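The structure appears below as structure tokens.
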Amino acid sequence: MAEANSTSDAVSYGYEGEVALICIDNPPVNATGIAVREGLVAAVKAINEEAKAKAIAIYCAGRTFIAGADIREFGKPPKMPSLTEVLNDLEASAIPTVSIIHGTALGGGYETALATHARVGMKGAKFGLPEVLLGIIPGAGGTQRLPRVSSVGFALDIAVSGRHAPVEEGFEKGAIDRIVEPGDPREIAIAMGQEVIAGTLPTRRTDQIEAKADPEAISNTLAMVQKKNPHLINLAECVKAIEAATLPLAEGLAKEREHFMTCMNSPQRSGLIHAFFGERAVSNIPEAKGDTRPLDKIGVIGGGTMGSGITTSCLLAGIPVRLIEVQQEGLDRGVATITKNLDGAVSRGKMSQDKRDAALAMLEPSLAMEDLADVDLVIEAVFEKMEIKKDIFGKLDTICKPGAILASNTSYLDVNQIAEMTNRPQDVLGLHFFSPAHVMRLLEIVQGAKTAPDALATGFALAKKLKKVGVLAQVCDGFIGNRILGHYGKTNAYLVLDGASPQQVDTALEAFGFAMGPNKVGDLAGLDIGYMTRQRKKEEGMDPNERYAGDVADKICENGWYGRKTGKGYYMYETGAPVPNPEVEKIIDDVRAEKGITPKDFSDQDIVDRYMTAMIAEATRVVEDGTAKRPVDVDMVFLFGYGFPRFRGGPLHYADTIGAKELVARMEEYAKEDPHYWQVPELLRKMAADGTTFADMNW
Ligand code: 3H9
């Protein structure tokens, strides 16, 4: 689709009678990169100068209207003209303009539509101002023009939530002027241009509309964002920009620019945009591409929390599941959990009752492993014991059809040993889900030594179907996430032994951006899990150079306090909200006395620095030895599986903000107290010496 005259590589224009047509064609999503900006300005200018048209209709080729500014240009030297200038010229066009929206009109895309004199949306299309999700605010007039065509209240809703709203809703609120049946954008552009000429589709310029002030909506939204998301400065900046919409347009646009630049220069913008591209980059690898095997029916072994969550996730994606348990009681419990999960989705408004019924009808519970004979993929989610897993995989080898993929949901066991129990190790891989599996978006896809390429690619295809973020990991104890956690988790214990209180550690890390500090997380997950792991490791024999991290936690567990589920752990939960457990304080004092430790003062910054440095150290080793393909893979594991603050981009993106030199210096300093724990990874030393960053290894 293109018009006769090109004004740039991405924009062309032409005429149909008295309607001038501007076509934007900049795959994949028609982002307003420099070619679009230059081309659009030139096309509007040429059409006005040629003076042959009575209306200009702008439409896009491909799957969507403009999806926003080109995010790849952010953080680089700006290329003129800016989108703001382009849109001011567009709005100033003497010939009335109309935009035709199909797919999604987002950010700078919807701002382009707002700068035209009328907006037409095809049924089913969406629009929005999702800039806040990237750490910025709408910066090309969105905060000024939307309150004018609609209202301050609706602009706050759209721009602060960043949601993609249906054009039908926009029509009700004045944000879209006409809804049409879906069709060829060019044909619709011609028809709408003719309506503009006939006067049946009214046009208006936003500099001639006043926005009605709504101080109550402004102050309520400001209070809400500061309470809910105190870390994200751009939300408040967005509200303040919208507040300025009651000024004359030029003044309001200048205010918007100031607020936009504050956000653009913030580290949050860089972190959130890293997260946007990272989410896509993890599956943009050769291993995720190529031939895949069918995924029409899945078998899940184990009806515990994990198995039920995995089953729920598959059912929600429309994949029939055969759920296997050894005893009726366990099977009933699994079915009850899955039903509860689906009912929860209905009550939260995520799915309709009919869809819930249809999903449940796709569940076939069974006590016979033989019933897995015809499934395409089996996911084993039983107790973490190698012997049990080996036994199951031996049986699956004889039961499952040729070509079926056999996956283990193990969180740390050796997938190669499991694969060796079959005569088809090429069909075996790890699919490590995170609890609750129907909610958490991370899926570690663990490649065994003999996993076939099409089996691995099918793991990524499954992640996509389940709307999860699949990340490739190699075999090692704990893969990417749990291996790193196994290391930095000890820092929390060491800090508490050496002088900090559990709540100080939690508060410091919550202020850094984690939704919950590690001791609250421990209480929530159950302290018995860590206790059992430590006992197992003790039995296996610990490295004599390693400082034991479990003294306090062991004693807490030995009192029968496992956290929330027993009403007590590091905190007490009698009234619901966590209150520090005074008996833990006593345990800590006793352990310190027993070990001859004189408690030190740690500032909150010390706590964050040590915790993050330990995380970065192990994350570096995971990249160094190839367990993770690139730093960005580690970052996405932490964002989608471990509650790492998204606005910080992930541990290794954050590491780049500190720099390798400083990190090495810190590790060497800490190593004076504990040289075994604080070993400096060779890769980090090399980066410090040659001045490179983790980002250099990403793309
Ligand atoms: C903005 O507009 C600022 C202005 O207010 C002010 C300026 C002064 N830029 O997601 P997909 C790529 S901020 C560059 O897989 P889908 C994406 O990386 C922007 N590239 O497809 C991927 O590349 P690859 C506000 C972009 O169908 C490919 O396109 N807008 C951009 O699942 C396909 O993307 C937004 O925040 C972009 N803006 O979803 C919208 N967008 O194939 C962001 C996408 O190499 N975009 N790419 O991996 C989206 O939400 C989704 O991409 C969309 C399509 C819903 C459009």
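The values are calculated or read from the model by the stated rules, or taken from the named source; none is laboratory data. The structure displayed is predicted, hence computed values, not measured ones. When we count neighbours, we look across all protein chains shown, and the Cβ atoms used for this are built from the backbone with ideal geometry, even at glycine. Heavy atoms of the whole protein, side chains included, go into the accessibility calculation; ligands, DNA and RNA do not. Shrake-Rupley method; radii C 1.70, N 1.55, O 1.52, S 1.80 Å.
Being of a type outside the set (Gly, Ala, Ser), assigned to a helix (DSSP H, G or I) and either under 22 Å from His432 (Cβ atoms) or in contact with a Lys or Arg (Cβ under 6 Å, 6 or more places away or on another chain) (or both): is that true of Leu652 here? In short, yes.
The single condition among (1) part of a loop (DSSP other than H, G, I, E, B); (2) touching a residue at least 60 places away in the same chain (Cβ under 8 Å); (3) in contact with a Phe, Trp or Tyr (Cβ under 9 Å, 6 or more places away or on another chain) that Gly174 does not satisfy is (2). Within segment 529-575, the residues that satisfy the criterion of being among the aromatic types (Phe, Trp, Tyr) and more than 17 Å from His487 (Cβ to Cβ) are Tyr531, Trp561, Tyr562, Tyr570, Tyr571, Tyr573.
Residue count for segment 95-119, restricted to those that are in contact with a helix residue (DSSP H, G or I) (Cβ under 7 Å, 6 or more places away or on another chain) and open to solvent by 10 Å² or more (accessible area, probe 1.4 Å): 4.
Name the residues in segment 667-699 that are open to solvent by less than 30 Å² (accessible area, probe 1.4 Å), closer than 17 Å to Lys490 by Cα and of a type outside the set (Gly, Ala, Ser), would you? Within segment 667-699, Met667, Tyr670, Asp674, Tyr677, Trp678, Val680 meet the criteria.
In summary, Lys450 fulfils each of the numbered conditions (1) closer than 30 Å to Ala281 by Cβ; (2) more than 28 Å from the chain's Cα centre (by Cα); (3) at pLDDT below 95 with the single exception of condition (3).
Quick one: which helices (runs of 4 or more DSSP H) lie wholly within segment 475-569 and hold at least 1 residues that are open to solvent by 20 Å² or more (accessible area, probe 1.4 Å) and in contact with a Ser or Thr (Cβ under 6 Å, 6 or more places away or on another chain)?
Those helices (runs of 4 or more DSSP H) span 481-498.
Kindly indicate whether Ile56 is in contact with a helix residue (DSSP H, G or I) (Cβ under 6 Å, 6 or more places away or on another chain) and more than 16 Å from the ligand (Cβ to nearest atom). Yes.
In segment 256-267, of all residues being at pLDDT below 95 and open to solvent by less than 50 Å² (accessible area, probe 1.4 Å), the one that is farthest from the ligand (Cβ to nearest atom) corresponds to Ser266.
The condition of being more than 12 Å from the ligand (Cβ to nearest atom), crowded, with 18+ Cβ neighbours inside 10 Å and at pLDDT 95 or above does not hold for Ser283. Taking (1) among the charged types (D, E, K, R); (2) open to solvent by 70 Å² or more (accessible area, probe 1.4 Å); (3) in contact with a strand residue (DSSP E or B) (Cβ under 6 Å, 6 or more places away or on another chain) in turn, Asp371 satisfies each apart from (2). Filtered by the rule that a residue be more than 11 Å from the ligand (Cβ to nearest atom) and either acidic (Asp, Glu) or assigned to a helix (DSSP H, G or I) (or both), segment 107-119 gives Ala113, Ala115. Being near the ligand (Cβ under 10 Å from one of its atoms), over 21 Å from Met192 (Cβ atoms) and assigned to a loop (DSSP other than H, G, I, E, B) is the filter here; which residues of segment 72-106 pass it? Answer for segment 72-106, where residues must be near the ligand (Cβ under 10 Å from one of its atoms), over 21 Å from Met192 (Cβ atoms) and assigned to a loop (DSSP other than H, G, I, E, B): Phe74, Pro78, Ser82.
Just to be sure I understand the filter: pairs with C-beta atoms under 8 Å, separated by 6 or more residues or on different chains, first member in segment 524-547 and farther than 17 Å from Trp561 by Cα, second member acidic (Asp, Glu). Which pairs pass? Correct list of pairs: Arg547/Asp674.
From the list Gly33, Gly14, Gly39, the lone residue that is away from the ligand (no atom under 13 Å from the Cβ) and surrounded by fewer than 24 Cβ atoms within 10 Å (Cβ to Cβ) is Gly14.
Check segment 414-430 and report whether any residue there is open to solvent by 10 Å² or more (accessible area, probe 1.4 Å) and over 20 Å from Met386 (Cα atoms). Checked against the condition, which is being open to solvent by 10 Å² or more (accessible area, probe 1.4 Å) and over 20 Å from Met386 (Cα atoms), segment 414-430 yields no hits at all. Among the residues of segment 383-403, those that are assigned to a loop (DSSP other than H, G, I, E, B) and modelled with pLDDT under 95 comprise Phe383, Glu384, Lys385. Where residues in segment 574-618 are among the basic types (Lys, Arg) and either open to solvent by less than 70 Å² (accessible area, probe 1.4 Å) or within 30 Å of Phe694 (Cα to Cα) (or both), which of them is nearest to the chain's Cα centre (by Cα)? Filtering first and then ranking leaves Arg610. In this structure, Ala69 qualifies as open to solvent by 10 Å² or more (accessible area, probe 1.4 Å) and near the ligand (Cβ under 9 Å from one of its atoms). If the condition is being more than 25 Å from Ile399 (Cβ to Cβ) and either assigned to a loop (DSSP other than H, G, I, E, B) or of a type in the set (D, E, K, R) (or both), then segment 341-368 contributes Asp343, Arg348, Gly349, Lys350, Met351, Ser352, Asp354, Lys355, Arg356, Asp357. Applying a threshold of 7 Å to beta carbon distances and a minimum spacing of six or more residues, or different chains, the list of pairs starting in segment 262-286 at a residue that is among the hydroxyl-bearing types (Ser, Thr, Tyr) and ending at one that is within 13 Å of the ligand (Cβ to nearest atom) reads Thr262/Glu237; Ser266/Gly135; Ser270/Gly75. In segment 136-164, the residues that are more than 14 Å from Ala105 (Cβ to Cβ) reach residues that are away from the ligand (no atom under 15 Å from the Cβ) and among the acidic types (Asp, Glu) with C-beta atoms within less than 6 angstrom, at least six apart or across chains, in these pairs: Val152/Asp214; Gly153/Asp214.
Among the residues of segment 214-228, is any free of Cβ contacts under 8 Å to residues at least 24 places away in the same chain, in a loop (DSSP other than H, G, I, E, B) and not acidic (Asp, Glu)? No, every residue in segment 214-228 fails to be free of Cβ contacts under 8 Å to residues at least 24 places away in the same chain, in a loop (DSSP other than H, G, I, E, B) and not acidic (Asp, Glu). Determine whether Val160 is touching a Ser or Thr at 6+ places or on another chain (Cβ under 7 Å), part of a helix (DSSP H, G or I) and crowded, with 24+ Cβ neighbours inside 10 Å. When the stated conditions are applied, Val160 does not pass them. Applying the condition of being touching a helix residue (DSSP H, G or I) at 6+ places or on another chain (Cβ under 8 Å) and at pLDDT 95 or above to segment 1-11 and asking which residue is most open to solvent (accessible area, probe 1.4 Å) yields Asp9. Scanning segment 322-335 for residues that are in a helix (DSSP H, G or I) and open to solvent by 70 Å² or more (accessible area, probe 1.4 Å) yields Gln328, Glu329, Asp332, Arg333.
When Ile319, Ile338, Ile273 are checked against the criterion of being open to solvent by less than 30 Å² (accessible area, probe 1.4 Å) and not in a helix (DSSP H, G or I), a single residue qualifies: Ile319.
Taking segment 120-151, which residues are closer than 25 Å to Pro215 by Cβ, more than 10 Å from the ligand (Cβ to nearest atom) and buried (at least 24 other Cβ atoms within 10 Å of the Cβ)? Gln144, Arg145, Leu146, Pro147, Arg148 - these are the residues of segment 120-151 that are closer than 25 Å to Pro215 by Cβ, more than 10 Å from the ligand (Cβ to nearest atom) and buried (at least 24 other Cβ atoms within 10 Å of the Cβ). Only one of (1) in a helix (DSSP H, G or I); (2) buried (at least 19 other Cβ atoms within 10 Å of the Cβ) fails for Leu21. Which number is that? Here Leu21 clears every test but (1).
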